[in-house]
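One structure coming up, written as structure tokens, with questions to follow.
The values are calculated or read from the model by the stated rules, or taken from the named source; none is laboratory data. Note that the coordinates shown come from a computational prediction; the quantities given were computed from them, not determined experimentally. Cβ coordinates were reconstructed from backbone atoms using ideal geometry, including for glycine residues, and neighbour counts include every protein chain displayed. SASA here: full protein model, heavy atoms, side chains in, ligands and nucleic acids out. Shrake-Rupley method; radii C 1.70, N 1.55, O 1.52, S 1.80 Å.
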Amino acid sequence: MTHFRKLILVIALFSFISNCDTKKEYTNDIALNALCYTLASCNKSTPSKVGMIGDSWTDLLLGYPAVDTLRVQLEQNHGYQITGATLGGQTLNAVFNLGLQFQVIDQAGADIHSIILSLGGNDLQARLSEYVANPDSVQAARLATIKSQLKTLIQSGNAYKISKYGGKPLRWIIHGYDYSNPFKGAVIPNSDEGCKSAFTEAGFNLTDTELPAFTTKQLDGFNEMLRGIGKEEPYFYYVDLRRTLGGPNVSNPQLMFDCIHPNSLGFSFLAGKLASLIAPITKEGN
């Protein structure tokens, strides 16, 4: 399910509740808070020094606490105050179309110095059927596009921040994902991305040994691409989270919510590792 459909579904649900209940002001506030939390679309600033643009690893479903994702863990357990545009299903194309890098900078204000990114997974895994005929060339093309988009995101965001507030460029921190577990089932209806069922439906005919080998190759290629950007962009920082949950080739199922999302315990391990590695970057100057 795309992030736009999720957003429309939740806002429609709030609208339905408000039309059936006398507590209209309360439900309207929930809808507005959801837009502010997931898209940094607020009528007022939410000052902070750290921003975030992310996908379902940072917010699985509009801030609903089904799973304590990386954003929740960083905010509740590691002392971060984050201004973010975080929404499950987020893609780099959508980030550019919505101008989320600019919205986060606007909302955070002049003291912002770092933005944490959790992006690229949906771009890499979309339209799985395209991989069937020639997986290596499709993966190479996808990674090249993601790399180009990330570099543009960094450069455009820094140019905007400096023009608006002056000072130094932002520090952009991105984590690589940990290994999936395609043998776990989907939990959210119609969202089986990364699951064995999605690969079968896309036309793959992989054994139970070949499937995790394929997903591992995807993930390792993505992480190494991110590592390479760090050598080219002076304000870009890559954090390797692989093997936190027990891989390769698959993460421990007891730490997974579904095939690609950790559960709250899994995210607590990931957030602890992430927080310890990025503290020298995000805490500098605080």
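Tell me, what does the Kirkwood hydrodynamic radius of segment 72-175 come to in angstroms if you use every pair of distinct C-alpha atoms?
Across segment 72-175, the inverse of the average 1/r is 15.2 Å.
When each pair of different Cα atoms in segment 48-109 is counted once in the 1/r mean, what is the Kirkwood radius in angstroms, to one decimal?
The Cα-based Kirkwood calculation yields 11.8 Å.
With r as the distance between the Cβ atoms of N190 and L277 and R0 = 41 Å, compute the FRET efficiency 1/(1 + (r/R0)^6) and round to 0.05.
Numbers: r = 35 Å, r/R0 = 0.84.
For L277 and N190, the calculated efficiency is 0.75.
Still on this model: Counting only heavy atoms of the protein chains, get the accessible area per residue of segment 46-96 (1.4 Å probe) and round it to a whole Å² value.
On a per-residue basis, 32 Å².
I'd like to know which of Y177, F204, Q125 lies farthest towards the positive end of the charge dipole of segment 125-209, counting +1 on Cβ of Lys and Arg and -1 on Cβ of Asp and Glu.
Result: Y177, furthest along the dipole toward the positive end.
Sticking with this structure for a sec: Taking just the C-alpha trace of segment 194-286, give me its Rg and Dmax in Å.
Cα only, segment 194-286: 16.0, 52 Å (Rg, Dmax).
While we're here: Of all the accessible heavy-atom surface of segment 52-137, with the other protein chains kept in place and a 1.4 Å probe, what percent is carbon and sulfur?
46
Then there is this: Please state the relative contact order of segment 185-261 as a whole percent: Cα pairs under 8 Å, 6+ residues apart?
Relative contact order of segment 185-261: 42 percent.
Another question about this same structure. Count neighbours as other Cβ atoms within 10 Å of each site's Cβ, and list the trypsin sites (Lys or Arg not before Pro) in segment 185-282 that are DSSP loop with at most 15 such neighbours. All intermediate terms of the calculation are to be shown ahead of the outcome.
On the way: sites: K196, K217, R227, K231, R242, R243, K273; in loops: K231, R242, R243.
Answer in residue order: K231, R243.
Return the inverse of the average 1/r over all pairs of distinct C-alpha atoms in segment 161-236, which is the Kirkwood hydrodynamic radius, in Å to one decimal.
Its Kirkwood hydrodynamic radius stands at 15.3 Å.
Anything over 24 Å Cα to Cα? Flag those among K147/K196; K231/K273; K161/K273; K168/K231; K49/K147; K168/K273, in the order listed.
Working: K147/K196 27 Å; K231/K273 22 Å; K161/K273 28 Å; K168/K231 19 Å; K49/K147 26 Å; K168/K273 27 Å.
Listed pairs above 24 Å: K147/K196; K161/K273; K49/K147; K168/K273.
Let me ask something else about it. Taking only the alpha-carbon atoms of segment 110-269, what semi-axes of the equivalent ellipsoid follow from 5 times the gyration tensor eigenvalues under a square root, in whole Å, largest first?
The answer is 31, 18, 13 Å, longest axis first.
Only loop residues by DSSP count here, and only those with at most 13 other Cβ atoms within 10 Å; note down the GluC sites (Glu not before Pro) in segment 207-253 that meet that.
Sparse-neighbourhood loop GluC sites (Glu not before Pro): E232.
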